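Trainee: Take this structure first; my questions come after.
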Amino acid sequence: MIRPTRSHPAWIGFLVHRLSGLALALFLPVHFWALSRAIEGEAALDRFLAWTEDPLVKASEGVLVVLLAVHLAGGLRVMALEFLGWRARQKDLVAASFGFALAVGLLFALHVG
Amino acid sequence: MGRRMRGQVLLWSLQRISAAVLALCVIVHLATILWAVRGGLSAAEILGRTRGSEAWLAFYALFALAAGLHAAIGLRAIAAEWLGWRGRGADALWLAAGLATAVFGIRAAVGLYAA
Amino acid sequence: MEGTLTVKVARSEGPVEYQVPARANQTVLDVVSYIQRELEPGLAYRYACRVGMCGSCAMTVNGRPRWTCRTHVAKVARRGVLELAPLAHLPVLRDLVTDMAPFFEKWRKALGHFRPREAPEGEIPDFALIPPASPERQQADAGIECIGCGVCHAACDIVGWNPDYLGPAALNRAWTLVNDLRDGAGAERLAAVAGDAGCHACHSTQSCTAVCVKGLDPAAAIAGLKRRIFWQDPFGWGGG
């Protein structure tokens with residue numbers, strides 16, 4: 001069970017931001033490594049892209065896109081608090097950041113299909 | 001403010017400045033992803049966009065630099081709080097890891113430009 | 001409300017369960033006092049004013065830090081059970097009593113005391129220059145009602161993960177003084193609250209704001225300190 005001091009929207013927002021950031025940070029070197037295939041030429045990049053057509057890999061890409069979107073929106077929420085003093089309605093802002101990520105994920109699923 | 005604390009403030013500010021840069025870059029990146037995945041990805045399509053384009057090269061180089069630094073400073077905070085990795089040595093390692101990731105990313109961007 | 005209430009107390013010797021009569025309109029502090037007076041004279045706990053002014057009776061009630069004198073049992077008991085423990089993130093002296101010294105030591109480190117602005121040579125400092133209704137004074141007033149109960153400090157995960165972190169109460173106090181135009185220690189105080197043990201450790205989980213018994217917003221105060229430091233001296237070069 002979630003601890004009582006953590007059962008509020010801003011804490012959930014924090015946890016999602018931290019875990020999405022952690023996953024993205026660990027993915028970043030892998031992403032750059034994959035892109036660096038381009039240095040070896042178009043054929044090498046195409047061989048790699050063929051591998052990403054696997055449904056499981058595509059699904060993982062979708063998860064990464066959602067993580068990126070939620071980290072973006074959550075980061076903007078925190079920066080608005082820090083730099084603009086937007087302290088009101090944190091619950092709504094957290095919900096909006098999750099909604100944004102969901103919308104991006106759905107768009108990805110629609111376009112990839 | 002002591003030297004140690006100045007470094008910590010500097011890292012925090014770098015984290016927020018890179019975040020502001022990334023906010024713009026990620027919006028462009030997400031839009032590009034959603035646009036590009038329609039009908040499947042191909043090397044020809046990707047390289048058709050990036051090959052010889054200084055604008056994309058500059059964009060991806062800046063993006064990689066900001067992402068490398070931002071990720072390393074974020075991992076530094078997580079490692080300090082959840083694993084107890086603290087101190088100047090750890091800070092230097094994280095900064096080095098961030099810059100190395102950025103260089104790696106910029107190298108990939110150059111690859112997309114020159115391929 | 002009639003019947004009995006089961007109260008599990010995390011005593012120094014280990015957990016002990018007590019049965020106390022459930023009454024209408026009783027506070028958690030009433031229940032603790034009943035246990036100490038009728039069942040367990042050796043139970044250690046702390047209180048003074050009983051009316052939400054002194055900030056000395058805070059403890060963990062069903063997993064959440066609260067001021068017990070202003071917390072009604074009916075609002076927090078779960079199926080007739082109360083679980084009481086000392087405040088988190090502070091050394092336990094005995095039973096429900098924590099040592100508040102490390103908590104107030106952090107206030108001292110954050111320069112949490114008023115230091116009057118120096119008056120120009122030969123002039124008398126005039127403390128009546130700032131009207132209470134002015135925006136400047138209202139900004140300072142936003143966090144001034146803190147009673148130092150330690151509830152936000154106990155709820156803050158960052159304090160738990162980084163024991164050096166000054167914590168929401170000390171930083172809220174610092175922000176209050178930074179906004180006080182009569183105070184003359186602004187730059188020194190901003191330097192005292194910067195860095196990994198200061199405001200820059202905060203991740204805006206906002207648990208402090210969620211639990212503050214006075215309805216204050218320490219998370220916004222900490223954000224204010226970050227903002228002020230960023231625009232004055234973002235890279236720690238010593239300006240401002």
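The values are calculated or read from the model by the stated rules, or taken from the named source; none is laboratory data. No experiment lies behind these values; they were computed from the predicted model shown. Counting neighbours? That spans all protein chains shown, and the Cβs are built from the backbone with ideal geometry, glycine included.
Trainee: How many residues, within segment C:228-240, are of a type in the set (A, V, I, L, M, F, W, C) and in a loop (DSSP other than H, G, I, E, B)?
Mentor: So the answer is 2.
Trainee: Please list, ordered by first then second residue, the pairs with beta carbon atoms under 7 Å, 6 or more apart or interchain, first in segment B:69-80 and more than 8 Å from chain A (Cβ to nearest Cβ) and within 22 Å of B:VAL103 (Cα to Cα), second in a helix (DSSP H, G or I) and of a type in the set (Phe, Trp, Tyr).
Mentor: What qualifies is B:ILE73/B:TRP94; B:ARG76/B:TRP94.
Trainee: So A:ALA38 fits all but one of (1) modelled with pLDDT of 90 or more; (2) facing chain B (nearest Cβ under 10 Å); what number is the exception?
Mentor: Checking A:ALA38 against (1) modelled with pLDDT of 90 or more; (2) facing chain B (nearest Cβ under 10 Å), the one that fails is (1).
Trainee: Based on what the data block shows, is C:CYS156 hydrophobic (A, V, I, L, M, F, W, C), outside the structural domain of C:LEU90 (by TED's automatic domain parsing) and under 14 Å from the mean Cα position of the chain (by Cα)?
Mentor: On the way: hydrophobic (A, V, I, L, M, F, W, C): yes; outside the structural domain of C:LEU90 (by TED's automatic domain parsing): yes; under 14 Å from the mean Cα position of the chain (by Cα): yes.
Judged against the criteria, C:CYS156 is a match.
Trainee: Are any residues in segment B:31-60 surrounded by 18 or more Cβ atoms within 10 Å (Cβ to Cβ) and not aromatic (Phe, Trp, Tyr), and if so, which ones?
Mentor: Once the filter is applied, which keeps residues that are surrounded by 18 or more Cβ atoms within 10 Å (Cβ to Cβ) and not aromatic (Phe, Trp, Tyr), segment B:31-60 yields B:ILE33, B:VAL37, B:LEU41, B:ALA43, B:ILE46, B:LEU47, B:THR50, B:LEU57.
Trainee: Inspect all residues belonging to segment C:132-145 and state whether any of them is among the small types (Gly, Ala, Ser), assigned to a helix (DSSP H, G or I) and more than 14 Å from chain A (Cβ to nearest Cβ). Explain how you work it out, then say what you get.
Mentor: The first filter runs over segment C:132-145 and keeps only residues among the small types (Gly, Ala, Ser), leaving C:133-134, C:140, C:142-143.
Still in the list and also assigned to a helix (DSSP H, G or I): C:140.
Subset that is more than 14 Å from chain A (Cβ to nearest Cβ): C:140.
Scanning segment C:132-145, I find at least one residue that is among the small types (Gly, Ala, Ser), assigned to a helix (DSSP H, G or I) and more than 14 Å from chain A (Cβ to nearest Cβ), so the answer is yes.
Trainee: Is it the case that some residue within segment A:1-23 is surrounded by 15 or more Cβ atoms within 10 Å (Cβ to Cβ), in contact with a Phe, Trp or Tyr (Cβ under 6 Å, 6 or more places away or on another chain) and more than 7 Å from every other protein chain (Cβ to nearest Cβ)?
Mentor: Checked segment A:1-23: no residue is surrounded by 15 or more Cβ atoms within 10 Å (Cβ to Cβ), in contact with a Phe, Trp or Tyr (Cβ under 6 Å, 6 or more places away or on another chain) and more than 7 Å from every other protein chain (Cβ to nearest Cβ).
Trainee: Let me ask you something else. Would you point out which residue out of A:VAL57, A:VAL94, A:VAL70, A:VAL78 is more than 7 Å from chain B (Cβ to nearest Cβ) and in contact with a Gly (Cβ under 6 Å, 6 or more places away or on another chain)?
Mentor: Residue meeting the stated conditions: A:VAL94.
Trainee: Let me ask you something else. Just checking, how many residues over segment A:50-80 are more than 30 Å from C:PHE230 (Cα to Cα) and either surrounded by 17 or more Cβ atoms within 10 Å (Cβ to Cβ) or within 15 Å of the chain's Cα centre (by Cα) (or both)?
Mentor: Total satisfying the criteria: 9.
Trainee: Still on this structure: Just to be sure before I move on: is A:VAL104 surrounded by 16 or more Cβ atoms within 10 Å (Cβ to Cβ), touching a helix residue (DSSP H, G or I) at 6+ places or on another chain (Cβ under 6 Å), more than 9 Å from chain B (Cβ to nearest Cβ) and at pLDDT 95 or above in the structure I sent?
Mentor: Against the criterion (surrounded by 16 or more Cβ atoms within 10 Å (Cβ to Cβ), touching a helix residue (DSSP H, G or I) at 6+ places or on another chain (Cβ under 6 Å), more than 9 Å from chain B (Cβ to nearest Cβ) and at pLDDT 95 or above), A:VAL104 does not qualify.
Trainee: Is one or more of the residues making up segment C:122-143 closer than 21 Å to C:PRO102 by Cα and free of Cβ contacts under 8 Å to residues at least 40 places away in the same chain?
Mentor: no
Trainee: Limited to segment C:193-213, what total is found for residues that are free of Cβ contacts under 8 Å to residues at least 60 places away in the same chain, outside any loop (DSSP other than H, G, I, E, B) and under 16 Å from the mean Cα position of the chain (by Cα)?
Mentor: Residues that pass the stated criteria total 5.
Trainee: In addition: In this structure, does A:PHE108 turn out to be in contact (Cβ under 8 Å) with a residue 60 or more places away in the chain and under 13 Å from the mean Cα position of the chain (by Cα)?
Mentor: Values: in contact (Cβ under 8 Å) with a residue 60 or more places away in the chain: no; under 13 Å from the mean Cα position of the chain (by Cα): yes.
For A:PHE108, the condition - in contact (Cβ under 8 Å) with a residue 60 or more places away in the chain and under 13 Å from the mean Cα position of the chain (by Cα) - is not met.
Trainee: Oh, and also: Any idea which of C:LEU171, C:LEU190, C:LEU216, C:LEU225 is at the interface with chain B (Cβ under 9 Å from one of its Cβ atoms) and either under 16 Å from A:ARG87 (Cβ atoms) or assigned to a helix (DSSP H, G or I) (or both)?
Mentor: Just a single option satisfies the conditions, and that option is C:LEU190.
Trainee: Residue under question is C:ASP99, and the condition is that it be surrounded by fewer than 18 Cβ atoms within 10 Å (Cβ to Cβ), in contact with a Leu (Cβ under 6 Å, 6 or more places away or on another chain) and under 24 Å from C:PRO15 (Cα atoms); does it hold?
Mentor: Against the criterion (surrounded by fewer than 18 Cβ atoms within 10 Å (Cβ to Cβ), in contact with a Leu (Cβ under 6 Å, 6 or more places away or on another chain) and under 24 Å from C:PRO15 (Cα atoms)), C:ASP99 qualifies.
Trainee: Kindly evaluate C:CYS202 against the criterion of being more than 13 Å from C:ALA110 (Cα to Cα) and touching a Gly at 6+ places or on another chain (Cβ under 8 Å).
Mentor: Answer is no for this residue.
Trainee: Now for a different question. Scan the strands (runs of 3 or more DSSP E) fully inside segment C:28-87 and keep the ones with 2 or more residues being under 15 Å from C:MET100 (Cβ atoms).
Mentor: Once the strands (runs of 3 or more DSSP E) in segment C:28-87 are filtered for at least 2 residues that are under 15 Å from C:MET100 (Cβ atoms), what remains is C:58-61, C:64-67.
Trainee: Return the residue satisfying two criteria in turn: it lies in segment B:37-61 and is at the interface with chain A (Cβ under 9 Å from one of its Cβ atoms) and of a type in the set (A, V, I, L, M), and of such residues it is nearest to A:ALA103 (Cα to Cα).
Mentor: B:VAL37
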